[in-house]
Structures are given as structure tokens and as C-alpha cells.
Amino acid sequence: MASTSVRVVTLKSILCPRPVGTAVVCVSSVRRLSDDPQAVTWHAKSWYAKITTRQGTGASTWHAKFAQKGGDVNNSDTEYMYERIAKALRDQILTRELAPGGKLPTQDELCEAFGVSRQVARQALDLLGTEGLIDRQQGGRATVRLYDPLVRRASLHYKSLPGAPFAEEALATDRTPRYTYETTEARADLETATRLKIAVGDPVIQTDYMSYANDEPLMIVTSFEPLAITRGTVIERPEEGTFMGDGIIDRFTAIALRPTRVVERLHSRMPRPSEVKQLQLKPGTPVLVIVRTVYSDDTPVETGTLLLASNQYKLEYTIPVAPLTPGIPSSGEQ
């Protein structure tokens, strides 16, 4: 068998020497180290490659091919060994070599394969769990979770006739979207008042949204609009009337306050207990927080907080670059 120029790590077989039969080795692909017909031979290319052996063979070393950029898995620096093991598994999941529903190695198999303690093996699986890549059951093998995060493209949410951006994002991953909402009249707290440039206690319309894909909660949105602007207008209730579902841009255009800019500030944090319950988050999973304020010239007309499950989303921002002004040299020409 021809050799390939790939970075490899040496693994000790969890099988040899054993009687002829089937067993598993937790490697992405294996190859025979010798052309000797008495040596261990292989078939199948998967994490659970069935191995045929001849009793008493001494061939107990196998190579696993891993797509790595940050160093060999068996690097002598063991401080973050669990991250290297998690990366080896993650690469297989993201390339679908480990398909959704497929089983991962057990902690014992990872210990044997990588020569690490159970604590390190458990940390590697814990890391993949918090990333939303695997599901784990007490006493059972971890399985690969369908990893197909929604891509939120901010520019699609702030335009005329936006359609249903969240629905389109969910449908792009072959999931069925839906949302719930509740609209109430409230009083602005300090943070809301600061964003909207109004007084604390001023009346606002508050709308709480929960967005789902395949009935899995993915995003919580809390939106505030100053009633000093919207009361008595056709857009007073965001989800009612002629302009329901038309999006922020068209709704406020209808009352001659067309938005001219939208500011989003993004940060991440660990979720609060109520948020863990609402988003059904696994322990250790952070949330992405987008704080949005919509302006018509210098007047804030809406502010909202978007709370996203970080393992379910990718955020995409397209930043237009202004064309070069005639007569002004580019930096490379100066």
C-alpha cells in the first residue's frame, strides 16, 4: 500500500493480540504497516473500523490520519491535550466522516488510543458537548449531533420588504421555523431608557419573541419601542395591523420615520438560569448577545436584545467598502 504524505499520530491498538473476530479502533482511517500477510489487515474507513486479526500477531501499532494545523496530537505539551483530542474528533464531525447519529469512542477507548487519563478524555468530550457537536447519555456512548448552525446575515434583517429572514435561515438548514410572541405595555428601565434616549419609567411597547427551528428554541428577542412615537399610529403593535411582519424599516417608514442606521453591539456571556431553561442549553454553553438600536437620523425608534444559543448560530456581517473617490490617491499611491 502506497504511503501518503500526511501528518500522522501513532496509536496503540486496543485490539491486538486477540483471537480472530471483530473489534473497533477509534481512528479515522487505518493502514497496514507491513505487507506481511500475517500482519493485521484492515477494511473499512470509519471511526469504527472493523479489524480482522490473526491470533498472536505482534502488529499492535496503527497510524491515524488527522487533518491538523496546530501540531501533532501526541505533542509533548499535554496541558491542553484534551483540546487536541477534541479537534481530531471535531474534524471528523465537520467533514461528515463521522455522520450525525454516529457513535464516538468511549472514554476508555480514547484513553487507550491517545495514552491519556480518563479526565482528559472526559474533558475532550465535554468540550464537544458544549459546542453542540455531540449528544451524551449517562452510561452510553456519545453520538454525533446534527451540526448545521443557522447563519444570521444581519444585512438581510434591515431592508425594505425583508420577507422572513429567520424563517429563511432555518429553511436553509432543512428545519421548520416558527416563532411565538407576546406584546405588552411596559415602563422603560434604566438600560432601555438610555438606549432610547427617554426617561426612566416612560411608556414603551415591549414584545418578547421566541424563535424555534424544528421546535428547538434558538433565539430570544426582547424589543422596545417608545410609545411617545408609536402610540395611536398604525404600527403601535408590531405584530398587529396592516404592517404586521413588515420589519422595522418598513414599519417606521409608514409613519415618516424611516430608519437611517442600525447599530448592533455583540458580546458573549454565560446564560442566566432562566435562559438555560428557555433555550434548553447544555451546561457550559455560552450565549451570544446582540444589543440593537435603530435610529431615524438621531432619534432612536427601537431597541432590542437578541439572545442566541452560541452553538446554533454563525453570524455574518457584510461591510460595504466605499468606492475610491476620483482625485484622491489610494494609500499605495501616496
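Here Ser330 meets each of (1) surrounded by fewer than 15 Cβ atoms within 10 Å (Cβ to Cβ); (2) modelled with pLDDT of 95 or more with one exception, condition (2). Among residues of the stretch 79-103 being buried (at least 17 other Cβ atoms within 10 Å of the Cβ) and in a loop (DSSP other than H, G, I, E, B), the one that is farthest from the chain's Cα centre (by Cα) is Gly102.
The residue list Glu225, Glu239 contains one member that is crowded, with 21+ Cβ neighbours inside 10 Å and within 22 Å of Phe252 (Cβ to Cβ), which is Glu225.
Applying the criterion of being part of a strand (DSSP E or B) and touching a helix residue (DSSP H, G or I) at 6+ places or on another chain (Cβ under 8 Å) to the residues of the stretch 224-261, the residue that is farthest from Ala199 (Cα to Cα) is Phe224.
Kindly evaluate Gln280 against the criterion of being surrounded by fewer than 20 Cβ atoms within 10 Å (Cβ to Cβ), assigned by TED's automatic domain parsing to the domain that holds Thr222 and polar (S, T, N, Q). Taking the combined requirement at face value, the residue satisfies it.
With respect to Leu125, is the statement that it is in contact with a helix residue (DSSP H, G or I) (Cβ under 9 Å, 6 or more places away or on another chain), in a helix (DSSP H, G or I) and assigned by TED's automatic domain parsing to the domain that holds Thr285 true? Taking the combined requirement at face value, the residue does not satisfy it.
Among residues of the stretch 163-203 being of a type in the set (Gly, Ala, Ser), free of Cβ contacts under 8 Å to residues at least 40 places away in the same chain and not in a loop (DSSP other than H, G, I, E, B), the one that is farthest from Phe243 (Cα to Cα) is Ala193.
Output the residue which, of all residues in the stretch 135-154 that are modelled with pLDDT of 85 or more and either buried (at least 18 other Cβ atoms within 10 Å of the Cβ) or under 12 Å from the mean Cα position of the chain (by Cα) (or both), is farthest from Gln92 (Cα to Cα). Restricting to residues being modelled with pLDDT of 85 or more and either buried (at least 18 other Cβ atoms within 10 Å of the Cβ) or under 12 Å from the mean Cα position of the chain (by Cα) (or both), the top hit is Arg152. Scanning the stretch 104-119 for residues that are without any contact (Cβ under 8 Å) to a residue 24 or more places away in the chain and not in a helix (DSSP H, G or I) gives a single hit, Ser117.
The values are calculated or read from the model by the stated rules, or taken from the named source; none is laboratory data. Since we're looking at a predicted model, the values are computed, not measured. Every residue, glycine as well, gets a Cβ built from its backbone with ideal geometry; the counts of neighbours run over all protein chains shown.
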